[in-house]
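The values are calculated or read from the model by the stated rules, or taken from the named source; none is laboratory data. Just so we're clear, the structure is a prediction, and the values are computed from it rather than from any experiment. Cβ placement follows ideal geometry from the backbone for every residue including glycine, while neighbour counts extend to all protein chains displayed. Heads up: the accessible areas ignore ligands, DNA and RNA and are worked out on the full protein's heavy atoms, side chains in. Shrake-Rupley method; radii C 1.70, N 1.55, O 1.52, S 1.80 Å.
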Amino acid sequence: MVKTELKRAFCSKPFWVTCGITLVMLAFGSSDYLPLSYATVEVPKPWWIYYFHCFFLGMKTMLPVFYPIVVMIPYVLSYRRDRDSGYMKLILLKTSRKAYLGAKALAAGISAFGAVLLPCLAWIPVCRLLGDTDWNYAKQYYGHNILFLPSFYEEHVVLYCVMYAFHAALLGTAFALLGLGLSAVVKNRYLALLLPFCYAIFSSSILSSFVGKWFAALDMMPLQIYYYREVYPLGYWTVPIYEAVLIAVGLALYWGGDHHAGKA
């Protein structure tokens, strides 16, 4: 069952369309660091700074804003389509409900993970072609911005970029599973796709503005999560705990919503 669901997820057009959308957002984010047409001073452009601008919330950075809804595209709605069309009843004639639900959740999470990770990894060599490797300049002018594992950043900058790519994908998985859970309980399935996006914007913008720094812990940007340690109530542990809670809530809604639908 797992193999079938993964094949449906990764061989679908929505998955590859999502990869393309993510790649476009990364490119647009990096363009925020390109020199202005009227700039007269040439400064070194370390390639990894091009890459980090994909994740920082700059003037052109799109991924930190739209990833909660983009990760819904590959496979999140497949459960509702199966349930509403009656296809799910046919599947349950051949396998158990538990196996089906587990395979569906796994496929939705992994497809969201891959739709973010693959473009993020592919964009690293592109940035290396765009920029240079002036490490001394980068360390002098950008090193103070790296608060999480600064020694790892200095010694293995490529792996540091890969680390953020993996975390952006993990964060996308958390929101995809939250959307999967909401799709099981919300009557309008398209509203279920928008709710995680609305939550991300609300929690990162409105709550942090009105309530204060504690709620800035909810400002879950793919790179900035490790940027403002002092505002997190549990330090850097706030981030994985936050993601674990999102996944737990999504799976609880998913299993509970399906159980209720099965009784109806």
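Listed by position, the helices (runs of 4 or more DSSP H) inside the stretch 1-54 whose residues that are out of contact with any Ser or Thr (no Cβ under 8 Å at 6 or more places or on another chain) and modelled with pLDDT of 80 or more number at least 2 are 2-10, 13-30. The number of residues in the stretch 5-16 being surrounded by 14 or more Cβ atoms within 10 Å (Cβ to Cβ) and either farther than 11 Å from VAL71 by Cα or touching a Leu at 6+ places or on another chain (Cβ under 6 Å) (or both) comes to 7. Spot the failing condition for GLY235; the list is (1) under 21 Å from the mean Cα position of the chain (by Cα); (2) open to solvent by less than 40 Å² (accessible area, probe 1.4 Å); (3) on the phi < 0 side of the Ramachandran plot; (4) modelled with pLDDT of 60 or more, and only one is missed. The single condition GLY235 does not satisfy is (3).
Sort out for me the helices (runs of 4 or more DSSP H) sitting completely within the stretch 58-126 that have 1 or more residues that are touching a Phe, Trp or Tyr at 6+ places or on another chain (Cβ under 8 Å), more than 19 Å from ALA9 (Cβ to Cβ) and not small (Gly, Ala, Ser).
Per the criteria, 63-70.
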